[in-house]
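Notes for the one structure printed next.
The values are calculated or read from the model by the stated rules, or taken from the named source; none is laboratory data. What you are looking at is a predicted structure, and each value in this text was computed from that prediction instead of being measured. Ideal geometry is used to build each Cβ from the backbone, glycine not excepted, and the neighbour counts take in all protein chains shown.
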Amino acid sequence: MADKTMTAEAAVSRLTSGMTLGIGGWGSRRKPMALVRALLRTEITDLTIVSCGGPDVGMLAAAGRIHRLVAPFVTLDSIPLEPHYRAAREQGTLQLTEYDEAMFLWGLRAAAHRLPFLPVRSGLGSDVMRVNPGLRTVTSPYDDAETFVAMPALRLDAALVHVNRADRRGNGQCLGPDPYFDDLFCEAADTAYVSCERIVDTAELTKEAAPQTLLVQRHTVTGVIEAPNGAHFTSCAPDYGRDESVQREYATTPWPQFAEHYLRNGSTA
């Protein structure tokens with residue numbers, strides 16, 4: 001089977017301005033920061049970003065790369081409100097499509113199954129319907145005749161995710177306590193690029209942990225990037241926790257000053 005290994009630079013070279021790009025992880029947890037840094041070193045812009053947002057969204061927003069954000073939230077977890085995202089919203093430099101987490105999940109599921117939408121109860125009776133006037137409802141064709149939100153598919157041109165281990169074929173393993181939506185990001189995308197802490201032989205994947213940890217399947221993956229510490233400064237349990245000192249510096253330092261060091265070195269050290 002094909003060896004899908006490549007560098008972060010090779011992966012982002014396949015992306016183009018104007019794409020809809022999904023980014024895995026959750027808040028400031030297991031974000032594919034090595035790939036985000038590589039993306040920020042390019043001139044790619046005008047992106048629609050689909051993400052359970054953290055510093056990936058904040059950095060891309062601060063750099064002026066986001067046209068539209070589709071997200072249920074943007075947070076740094078230990079710092080509740082992502083400051084660069086907040087600044088972008090206050091300045092009106094990006095458009096926002098906001099769904100609740102269940103709607104976001106089912107939007108990815110619909111895209112993964114190549115369906116135009118899936119019916120969900122989430123959002124009914126809330127301001128989600130008011131702030132998203134394009135949303136529609138559907139009525140069950142069965143005797144219950146229940147009304148649901150028709151959550152549109154969140155189709156992606158490309159996805160970037162980070163996992164603990166992967167093999168060269170694109171099978172990805174998550175060893176932490178929560179897989180988030182990373183498998184769905186890959187399944188919902190036309191192309192998917194998976195960075196990992198370590199590339200191992202396929203047989204090693206099931207030696208380290210149960211088969212259920214093999215979250216990302218090779219047929220959904222376009223490229224595999226070995227990137228030790230590739231989620232820094234976000235966490236990648238159980239390999240390492242969040243680097244709170246760097247995150248605090250990120251949150252309190254003007255973006256141009258922080259970026260000068262971070263994009264070159266991967267940290268402010």
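Among the criteria (1) farther than 15 Å from A166 by Cβ; (2) crowded, with 19+ Cβ neighbours inside 10 Å; (3) not basic (K, R), the one W255 does not fulfil is (2).
The numbered conditions (1) under 30 Å from V221 (Cβ atoms); (2) surrounded by fewer than 22 Cβ atoms within 10 Å (Cβ to Cβ) are all true for V194 except (2).
A quick yes/no check of all residues on (1) surrounded by fewer than 20 Cβ atoms within 10 Å (Cβ to Cβ); (2) among the aromatic types (F, W, Y); (3) assigned by TED's automatic domain parsing to the domain that holds F258:
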{"residue": "G54", "(1), (2), (3)": "no, no, yes"}
{"residue": "I66", "(1), (2), (3)": "no, no, yes"}
{"residue": "S78", "(1), (2), (3)": "yes, no, yes"}
{"residue": "Q91", "(1), (2), (3)": "yes, no, yes"}
{"residue": "Y99", "(1), (2), (3)": "no, yes, yes"}
{"residue": "R121", "(1), (2), (3)": "yes, no, no"}
{"residue": "V128", "(1), (2), (3)": "yes, no, no"}
{"residue": "V131", "(1), (2), (3)": "yes, no, no"}
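Which residues, counting only those in the stretch 99-122, are of a type in the set (S, T, Y) and either under 11 Å from L154 (Cα atoms) or in contact (Cβ under 8 Å) with a residue 40 or more places away in the chain (or both)? Across the stretch 99-122, the qualifying residue is only Y99. Residues in the stretch 193-232 that are at pLDDT below 95 and of a type outside the set (D, E, K, R): 11 in all. Taking the numbered list (1) touching a strand residue (DSSP E or B) at 6+ places or on another chain (Cβ under 7 Å); (2) among the basic types (K, R); (3) part of a helix (DSSP H, G or I) in turn, K207 passes all entries but (1). Among the residues of the stretch 239-251, those that are touching a residue at least 40 places away in the same chain (Cβ under 8 Å) and either out of contact with any strand residue (DSSP E or B) (no Cβ under 8 Å at 6 or more places or on another chain) or buried (at least 19 other Cβ atoms within 10 Å of the Cβ) (or both) comprise R242, E244, Q247, R248, Y250, A251.
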